[in-house]
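The structure appears below as structure tokens.
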Amino acid sequence: MTGWQARTTGDIYAIDDTGAGYALVIGARSAFKVGDRLRFTRPIDLHPTDYIAADERAHVVDVDAETGVVSLWVEGVHIGLGDGVPVLKISPRDDAEAASCIEHFSDRRWWQLKRLGVLGGARADLLALSTLLVTMPLTAILHSIVPERTSAFFFVMAVVWSALVLGQRAAVALSLVTPVAFNLVCPPIGQISGFSLGEGALFLMELFVAISFPWFVSKGASTLNTVVDYVKQH
């Protein structure tokens, strides 16, 4: 969050250890970009002009790559920050106190489903496959109660949950294993018999759900957020 960025290359430089020159900061990237939504974790006293309370929010409207000055459009009413749109300008390398109380904010509403942040890769795959420990016994019990119906409801719901919560890869992995697991719990239980046309259709449906649902949900949530924001503004 401190330094200078070269306009031509995008590289970020900071004052070196001697304090007399500049050194390239390997792997450094800009802390803010235009469009980011931020939240103030602590109040900022701009005495005597204004005061920004904790939990207020702002949008990044401009980033000067050469000077590092970031312009924030504060969502609250702040006459002291100028007429019309209240803009707070901070320089990360000079305004360390202000920069330290700003964090990125994501206004994720209840209909916005996303992957679990603590999981990913093989761990998400294993969690998706672990649903078989529940779906297989439940399906076997259902077959014993209603033997004339071979319902795959629990397997389909497991794939849907994996697609929405764990992501596309985990859901696809589960859908590839589901046909075998479903066949094992269908009479005769514990034996793999010939796959029927219905089981093939079930596999294709689950694979379609695993691949398409994460995309449909992300697009739908984005569109719904746009509509809601438009209604709020008008």
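List of remarks:
- Any chance VAL156 is out of contact with any Ser or Thr (no Cβ under 7 Å at 6 or more places or on another chain), at pLDDT below 75 and in a helix (DSSP H, G or I): no
- Close pairs (8 angstrom Cβ cut-off, 6 or more residues apart or separate chains): open to solvent by 60 Å² or more (accessible area, probe 1.4 Å) in segment 194-207, part of a helix (DSSP H, G or I) anywhere: PHE195/PRO179; PHE195/ASN183; MET205/VAL156
Yes/no per residue for (1) surrounded by 20 or more Cβ atoms within 10 Å (Cβ to Cβ); (2) within 14 Å of GLU206 (Cα to Cα); (3) within 31 Å of the chain's Cα centre (by Cα):
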position	(1), (2), (3)
LEU127	no, no, yes
SER130	no, no, yes
ALA140	no, no, no
SER144	no, no, no
PHE155	yes, yes, yes
VAL159	yes, yes, yes
SER162	yes, yes, yes
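- Among the candidates THR41, THR67, residue that is closer than 23 Å to HIS104 by Cα, hydroxyl-bearing (Ser, Thr, Tyr), surrounded by fewer than 14 Cβ atoms within 10 Å (Cβ to Cβ) and modelled with pLDDT under 85: THR67
- Filtered residue count, segment 178-193, keeping only those that are assigned to a helix (DSSP H, G or I) and surrounded by 15 or more Cβ atoms within 10 Å (Cβ to Cβ): 7
- Filter result for ALA28 (touching a residue at least 12 places away in the same chain (Cβ under 8 Å), surrounded by 13 or more Cβ atoms within 10 Å (Cβ to Cβ) and more than 15 Å from ILE90 (Cα to Cα)): yes
- Filter pass, VAL60 being open to solvent by less than 30 Å² (accessible area, probe 1.4 Å), within 12 Å of ALA98 (Cα to Cα), free of Cβ contacts under 8 Å to residues at least 60 places away in the same chain and of a type outside the set (Ser, Thr, Tyr): no
- When restricted to residues that are more than 27 Å from the chain's Cα centre (by Cα), more than 22 Å from ILE79 (Cβ to Cβ) and among the hydroxyl-bearing types (Ser, Thr, Tyr), segment 20-59 contains 1.
The values are calculated or read from the model by the stated rules, or taken from the named source; none is laboratory data. Every value quoted in this text rests on a predicted model; they were computed, and no experiment measured them. No Cβ is skipped: glycine too gets one built from the backbone with ideal geometry, and neighbour counts run over all protein chains shown. Heavy atoms of the whole protein, side chains included, go into the accessibility calculation; ligands, DNA and RNA do not. Shrake-Rupley method; radii C 1.70, N 1.55, O 1.52, S 1.80 Å.
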